[in-house]
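Have a look at the structure below, then the notes.
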Amino acid sequence: MTEYDIAVIAGDGIGPEVTREAMKVLDAVADVYGFRTKKTFYPFGTENWLKTKEIFPDTAFEEIKQKRAIYLGAIGDPRAPVGLIEYGIIAKMRFELDLYVNLRPVRLYDERLCPLKGKTPADVDMVFVRENTEGAYSGTYGYAHKGLPIEVATQVMVYTRAATERIIRYAFELARTRNKKKTVTMIDKANALRAQEIWTRVFAEVALEYPDIKTEHAYIDAACMWMIKNPEWFDVAVTPNLFGDIITDLGAMVQGGMGIAASGNIHPGKVSLFEPIHGSAPKYAGKNVACPVAAVLAVGMMCDYLGEKQAGAAIENVVIDLVRSKKIQGVSTGDHPTDFIGNMVVSELRAVAAKV
Ligand code: IPM
Ligand code: MG
């Protein structure tokens, strides 16, 4: 029986609660679909930093590198300086493990979850491919004359040829395997951010290798408009890091809210990281009111990545059924107790498997 070595970082705020439910679901699908996981839990996050002054020790990082996958609940907490824990944990893994694909599906499971009038599941079914290692997040920033009236702050957007090319190629491959509209839309702002002209050129070049895939282009401002007006226009969208960060929160709302949006931080063939895209929502921590659906769907993406395709599909299909049958009435905070949803997903997964 295949065994997957998984690192689990439950993190801060609601992270531990949604991770607990997600791990129940992982154990259930492993049992049903015949694989095993060996989980190692790491305590990293703000609480741990406050207690130990450690963010992500090297020894743990070296260990994590050897795993097949990493599962992250949520991190961030106002008791730590802005960005300290985010950069020390999430960004560190994205950069140092070279998790260059941030994969964020935006799929509407039931019309009632969509805040847009008249949009149905047929209209909202797209995947964002966010470049995840550079751009505005490259860490190339600086201050001069800090605290003085003449203070200067800079943050440099960095686009390398290699990283631009590999993410665009990933998007084209995905459009092919998804086999839906067979379209890749590139979203940038090359008209104003002139360095993004490298994206324009590389996109055109890579497109030549994929004559079966249609190409579209939208500037980020227009893309935000299309997301609301005509989300059905999108299939696979590829975009630099910062725009991907922003437009996927918009995407999350279009599919029903932060409680249902999952993501993968992937380096194909190597250890990769799966997480709900929501944050740690400290004010709801420990109240059993957070929605764990996004965390559960992130387990589905992880299973898919590990090659347990049936398990991954089963998780998504069970969530779809539960949402459509209104057993999951909503995916907002407080709609259901956190553990109620986890338990229901587990029993439904077992029931579905028992039928076949
Ligand atoms: C995300 C988050 C992160 C990001 C934060 C926590 C640094 O918003 O995963 O979208 O900006 O990438
Ligand atoms: Mg974000």
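Here are a few things to note about the model shown:
- Taking Gly76, Gly286, Gly269 in turn, the Gaussian network model of the chain (Cα-Cα springs below 10 Å) assigns the largest fluctuation to Gly269.
- Point-charge dipole on Cβ atoms (K/R +1, D/E -1) for the chain, about Cα centre, debye to 20: 400 debye
- Residues whose placed amide H lies under 5 Å from that of Ala136, excluding near-sequence neighbours: Val158, Asn241, Leu242
- Long-range HN-HN contacts of Ile277 with modeled amide H, under 5 Å: Ala261, Ala262, Ser263
- Count, lysine Cα pairs under 25 Å in the stretch 108-224, 8 or more residues apart or across chains: 11
- Residue by residue, the stretch 163-176 carries 3J(HN,Hα) couplings of 6, 5, 5, 5, 6, 5, 5, 4, 5, 5, 4, 5, 4, 5 Hz when phi is fed to the Karplus relation 6.51 cos²θ - 1.76 cosθ + 1.60 (θ = phi - 60°); x denotes Gly or Pro.
- GNM flexibility winner over the chain from Val152, Val124, Val32 (Cα, springs under 10 Å): Val152
- Residue with peak Gaussian network fluctuation, the chain [Cα springs, cutoff 10 Å], from Val202, Val293, Val236: Val202
- Fraction of accessible area attributable to carbon and sulfur, the stretch 163-258 (%, probe 1.4 Å): 59 percent
- Contact order normalised by residue count of the chain, Cα under 8 Å, 6+ apart, percent: 23 percent
- Descending semi-axes in Å of the chain, equivalent ellipsoid built from Cα gyration tensor: 30, 27, 20
- Put simply, the amide H of His217, placed in the peptide plane, has neighbours under 5 Å in Met186, leaving out anything fewer than 5 places away on its chain.
- Taking every DSSP helix (H) stretch of at least 4 residues in the chain, weighting each as -39,500 (n - 2.57) and dividing the sum by the residue count yields a mean residue ellipticity at 222 nm of -12500 deg cm²/dmol.
- Electrostatic bookkeeping for Arg176 treats Lys and Arg as +1 and Asp and Glu as -1; over the other residues with beta carbon under 9 Å from its beta carbon, the sum is 0.
- The chain, accessible area per residue, ligands and nucleic acids excluded (1.4 Å, Å²): 43 Å²
- Backbone phi angles across the stretch 279-294, fed through the Karplus curve with coefficients 6.51, -1.76 and 1.60 (θ = phi - 60°), yield HN-Hα couplings of x, 8, 6, x, 5, 9, 4, x, 9, 6, 10, 5, 8, x, 4, 4 Hz in residue order; Gly and Pro are listed as x.
- Carbon + sulfur, % of accessible area of the stretch 1-145 - ligands and nucleic acids excluded, 1.4 Å: 52 percent
- For the stretch 31-110, the pair-distance distribution built from all alpha carbon pairs, in bins 10 Å wide starting at 0, is 14, 42, 29, 14, 1 percent.
- Diffusion coefficient of the stretch 100-230 by Stokes-Einstein, Kirkwood radius over Cα pairs, 10 °C, 1.306 mPa s: 94 µm²/s.
The values are calculated or read from the model by the stated rules, or taken from the named source; none is laboratory data. Note that the structure is a prediction, hence the values are computed from the model and not measured. Here Cβ is always computed from backbone atoms with ideal geometry, including for glycine, and neighbour counts include all displayed protein chains. All accessible areas refer to the heavy atoms of the entire protein, side chains included, with ligands and DNA or RNA removed. Shrake-Rupley method; radii C 1.70, N 1.55, O 1.52, S 1.80 Å.
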